[in-house]
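The values are calculated or read from the model by the stated rules, or taken from the named source; none is laboratory data. Being a predicted model, the structure only gives us computed values, none of them experimental. When we count neighbours, we look across all protein chains shown, and the Cβ atoms used for this are built from the backbone with ideal geometry, even at glycine.
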Amino acid sequence: MNSEPLRFDNRLIQDLPGDEETGPRVRDVRGAVWSAVMPTPVAAPTLLAYSPELAAQLGWGPDLLESADFARVFGGNALYEGMQPWAANYGGHQFGHWAGQLGDGRAISLGELLAPDGLRWELQLKGAGRTPYSRGADGRAVLRSSIREFLCSEAMHHLGVPTTRALSLVGTGESVVRDMFYDGHPAAEPGAVVCRVAPSFLRFGSFELPASRGDSALLRQLVDFCIARDFPELADAGAERHAQWFAQVCERTAVLVAHWMRVGFVHGVMNTDNLSILGLTIDYGPYGWVDDYDPDWTPNTTDAQGRRYRFGTQPQVAYWNLTRLAQALAPLFDDVAPLHAGLARFQAVHARCERDDTAAKLGLDACRDADDLALMADWLQILHDGEMDMTLAFRGLIDFDPQAPDVAVLEEAFYSADRRASVLPALQGWLQAYAQRLQSDRLDPSQRRQRMGAANPVYVLRNWLAQEAIELAEQGDLSGVHALQDVLRRPYEVQPGREHYAGKRPEWARDKAGCSMLSCSS
Ligand code: AMP
Ligand code: MG
């Protein structure tokens, strides 16, 4: 198909070795970073939702998005000129163990688009059919998980959290069979394809795979490619470039997880194949949002036993993943000191982010000392002990008046009267301490409110909100998806009439599948 305005420059497949075999036969792919494979066409591609913001950034107007061709291309039934589909080869540590070759089992990249602003955006379909990396699975994705990926990608972007983006959600008109909790209850569900978009989809596992096979030449080629394409500012660093690049990856990963902790996001499957080399949130699967503050909570039932990927351990897991990456990169270094320096950079940047977020979330001019960090730690302990809603509690604190300390501003955040009663004395004591701290702060009340308002979202993609939209969509009604998409465009602004989306988790959602329990089945 012809489409004059689109410019593709598919550097990954031009510059890096590809698999000699094409097509989806499942196989071990050695000495190659990608395999050419076409999306498998679907019965009835229908555009269900798209991101106008992202489309505009790509230089695409409504004429293109609403054309019949668009749904066909982004459902996997056609290509625009310049697209050359491929699946990427990578490995990964899953739940702490090396899992060998994984690769894009159901993601197929279409090309690298050069946008009018000069940026490069890889377009990738998720759920587009089998690839050499499908390992016996069907290469498809269900509507529910596609809606979750579509909405959350864009919500994260608007929250200011680094993330892959989502351009479109296309229904396939086909059903997909999934056993949601792997307990012998398979069911047919509607299928969908999301187009994700990012400057690069390289993951930690992209580098681990050639390293695990002792292929240092390919590893070096991949690192140098990544630097040249994705970190051009480091290209002139000569012999220092590998060290500087690793330090950059560590820094970005630190910033990323600090954002997750700030907004209450739990990734759910932080395997090294699911960590982006650019420090983007990638692979939205059984992720969740913290309702009542609980560092031990994980939405992922597949991880319910070990709880490796619970909310509170995300920074440590990110660090562990970076140590895996460092180990993979070791053959490129004569001396391991730069790798240690990179890991130390993670710690330093994460500590700095923690201080900055403490100041911003509590409305302080700066996080002055250990006392301020302790103030935050005590507050979080109270949220936990009192089973208080994280998002509502931080928003409530914005209305707190240090001249007249009063628990009233936090009433909405409680889930249970008993837990409220049990924590009340500690909370009153804390509010006194907070009031005192605010008296000695340099920010005036309106500056403080502004600072807190920009760090503490009103609207996040609460699990039960996504679930409501999914249940409607499964009946053919996309209005819930569109409404959520719209609310989540301005997550830090109170939007009158949209109180429903800022509310705490209703009782029906406490232990419901899709709300507090999600699995990797998607
Ligand atoms: P995830 O846990 O979603 O990151 O997936 C881990 C690996 O399984 C990746 O290599 C995926 O591409 C692959 N995978 C997950 N679901 C499917 C599916 N339905 N078909 C083929 N491959 C899949
Ligand atoms: Mg993955």
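Confirm whether residue 274 is modelled with pLDDT of 95 or more, closer than 23 Å to residue 210 by Cβ and more than 15 Å from the chain's Cα centre (by Cα). Let's see the steps before the verdict.
Numbers: modelled with pLDDT of 95 or more: yes; closer than 23 Å to residue 210 by Cβ: yes; more than 15 Å from the chain's Cα centre (by Cα): no.
No; evaluated as a whole, the condition is false for this residue.
Restricted to the stretch 242-284, and to residues that are away from ligand 1 (no atom under 16 Å from the Cβ) and among the polar types (S, T, N, Q), which residue is surrounded by the fewest Cβ atoms within 10 Å (Cβ to Cβ)? It would help to see each step written out before you state the result.
Applying the first criterion (away from ligand 1 (no atom under 16 Å from the Cβ)) to the stretch 242-284 yields 242-265, 278-279.
Subset that is among the polar types (S, T, N, Q): 244, 248, 253.
Working: 244: 18, 248: 20, 253: 28.
The qualifying residue surrounded by the fewest Cβ atoms within 10 Å (Cβ to Cβ) is 244.
Only one of these is away from ligand 2 (no atom under 15 Å from the Cβ), outside any loop (DSSP other than H, G, I, E, B) and touching a Phe, Trp or Tyr at 6+ places or on another chain (Cβ under 6 Å): 344, 351, 318, 328. Name it.
Values: 344 fails: touching a Phe, Trp or Tyr at 6+ places or on another chain (Cβ under 6 Å); 351 fails: touching a Phe, Trp or Tyr at 6+ places or on another chain (Cβ under 6 Å); 318 fails: touching a Phe, Trp or Tyr at 6+ places or on another chain (Cβ under 6 Å).
Just one listed residue meets the conditions, 328.
Mind checking which residues of the stretch 289-315 are in a loop (DSSP other than H, G, I, E, B) and aromatic (Phe, Trp, Tyr)?
The first filter runs over the stretch 289-315 and keeps only residues in a loop (DSSP other than H, G, I, E, B), leaving 290-291, 293-299, 304-310.
Within the stretch 289-315, 293, 297, 309 qualify.
Could you list, ordered by first residue, the pairs with Cβ atoms under 8 Å in which the first is in the stretch 346-357 and hydroxyl-bearing (Ser, Thr, Tyr) and the second is buried (at least 18 other Cβ atoms within 10 Å of the Cβ) and in a helix (DSSP H, G or I), at least 6 apart or interchain?
No pair meets every condition.
Quick check: anything in the stretch 51-58 part of a loop (DSSP other than H, G, I, E, B) and in contact (Cβ under 8 Å) with a residue 40 or more places away in the chain? So that I can check it myself, show each step before the final result.
At the first step, the residues of the stretch 51-58 found to be part of a loop (DSSP other than H, G, I, E, B) are 51.
Still in the list and also in contact (Cβ under 8 Å) with a residue 40 or more places away in the chain: 51.
Yes - at least one qualifying residue is present in the stretch 51-58.
Based on what the data block shows, is residue 156 over 23 Å from residue 41 (Cβ atoms), at pLDDT below 95 and crowded, with 17+ Cβ neighbours inside 10 Å? Reasoning before the result, please.
Working: over 23 Å from residue 41 (Cβ atoms): yes; at pLDDT below 95: no; crowded, with 17+ Cβ neighbours inside 10 Å: yes.
So residue 156 fails the test.
Among the residues of the stretch 90-117, how many are part of a loop (DSSP other than H, G, I, E, B) and among the aliphatic types (A, V, I, L, M)? Outline the logic, then answer.
Start the filter on the stretch 90-117 by keeping residues that are part of a loop (DSSP other than H, G, I, E, B), which leaves 90, 95-96, 102-106, 115-117.
Now narrow it down to the ones that are among the aliphatic types (A, V, I, L, M): 102, 115.
Here the count works out to 2.
Could you grab me the full set of residues in the stretch 211-227 that are in a helix (DSSP H, G or I) and free of Cβ contacts under 8 Å to residues at least 40 places away in the same chain? It would help to see each step written out before you state the result.
Initially, the stretch 211-227 is screened for residues in a helix (DSSP H, G or I), giving 211-212, 216-227.
Matches in the stretch 211-227: 217, 224, 227.
Kindly list the number of the only condition in (1) assigned to a loop (DSSP other than H, G, I, E, B); (2) within 14 Å of ligand 1 (Cβ to nearest atom) that fails for residue 183.
Only one criterion is unmet by residue 183, namely (2).
What do you reckon, is residue 481 assigned to a loop (DSSP other than H, G, I, E, B) and hydrophobic (A, V, I, L, M, F, W, C)? Steps first, please.
Values: assigned to a loop (DSSP other than H, G, I, E, B): no; hydrophobic (A, V, I, L, M, F, W, C): yes.
So residue 481 fails the test.
Is there any pair with a first residue in the stretch 73-93 that is touching a residue at least 60 places away in the same chain (Cβ under 8 Å) and of a type in the set (Val, Ile, Thr) and a second that is part of a loop (DSSP other than H, G, I, E, B) and more than 16 Å from ligand 2 (Cβ to nearest atom) whose Cβ atoms are under 6 Å apart and which are 6 or more apart or on different chains, and what are they?
Close Cβ pairs (under 6 Å, with a partner that is part of a loop (DSSP other than H, G, I, E, B) and more than 16 Å from ligand 2 (Cβ to nearest atom)) amount to 73/80.
Which is within 14 Å of ligand 1 (Cβ to nearest atom) and among the small types (Gly, Ala, Ser), of 115, 87? Let's see the steps before the verdict.
Details: 115 fails: within 14 Å of ligand 1 (Cβ to nearest atom).
Step by step, each of 115, 87 is checked, and only 87 is within 14 Å of ligand 1 (Cβ to nearest atom) and among the small types (Gly, Ala, Ser).
Filter the stretch 255-272 for residues that are hydroxyl-bearing (Ser, Thr, Tyr) and touching a Pro at 6+ places or on another chain (Cβ under 9 Å) and give the result.
Taking the stretch 255-272 and keeping what is hydroxyl-bearing (Ser, Thr, Tyr), we get 272.
The answer is none; no residue qualifies.
Could you list, ordered by first residue, the pairs with Cβ atoms under 9 Å in which the first is in the stretch 121-135 and part of a strand (DSSP E or B) and at pLDDT 95 or above and the second is away from ligand 2 (no atom under 13 Å from the Cβ) and basic (Lys, Arg), at least 6 apart or interchain?
121/165
Tally up the residues in the stretch 121-154 that are touching a Ser or Thr at 6+ places or on another chain (Cβ under 6 Å) and within 12 Å of residue 168 (Cα to Cα), please.
3
Show the residue pairs that are 6+ apart or on different chains and have beta-carbon atoms under 9 Å apart, the first residue being within the stretch 230-248 and in a helix (DSSP H, G or I), the second being at pLDDT below 95.
241/235; 243/237; 244/237; 245/237
Which pairs have Cβ atoms under 6 Å, sit 6 or more apart or on different chains, and link a residue in the stretch 136-159 that is farther than 28 Å from residue 26 by Cβ to one that is of a type in the set (Phe, Trp, Tyr)?
152/284
Any residue at all in the stretch 75-89 that's closer than 12 Å to residue 195 by Cβ, away from ligand 2 (no atom under 13 Å from the Cβ) and buried (at least 24 other Cβ atoms within 10 Å of the Cβ)?
yes
Would you please name the residue that is surrounded by the most Cβ atoms within 10 Å (Cβ to Cβ), looking only at residues in the stretch 124-153 that are farther than 14 Å from residue 461 by Cα and aliphatic (A, V, I, L, M)?
Filtering first and then ranking leaves 128.
In the stretch 59-89, what count of residues is obtained for those that are among the small types (Gly, Ala, Ser), touching a Phe, Trp or Tyr at 6+ places or on another chain (Cβ under 8 Å) and not in a loop (DSSP other than H, G, I, E, B)?
So in the stretch 59-89, the residues among the small types (Gly, Ala, Ser) come out as 59, 61, 67-68, 71, 75-76, 78, 82, 87-88.
So of that shortlist, the ones also touching a Phe, Trp or Tyr at 6+ places or on another chain (Cβ under 8 Å) come out as 82, 87-88.
Subsequent filtering for residues that are not in a loop (DSSP other than H, G, I, E, B) retains 87-88.
Total meeting the criteria: 2.
In this structure, is residue 441 closer than 15 Å to residue 363 by Cα, loosely packed, with under 15 Cβ neighbours inside 10 Å and among the charged types (D, E, K, R)?
Numbers: closer than 15 Å to residue 363 by Cα: yes; loosely packed, with under 15 Cβ neighbours inside 10 Å: no; among the charged types (D, E, K, R): yes.
It is false that residue 441 is closer than 15 Å to residue 363 by Cα, loosely packed, with under 15 Cβ neighbours inside 10 Å and among the charged types (D, E, K, R).
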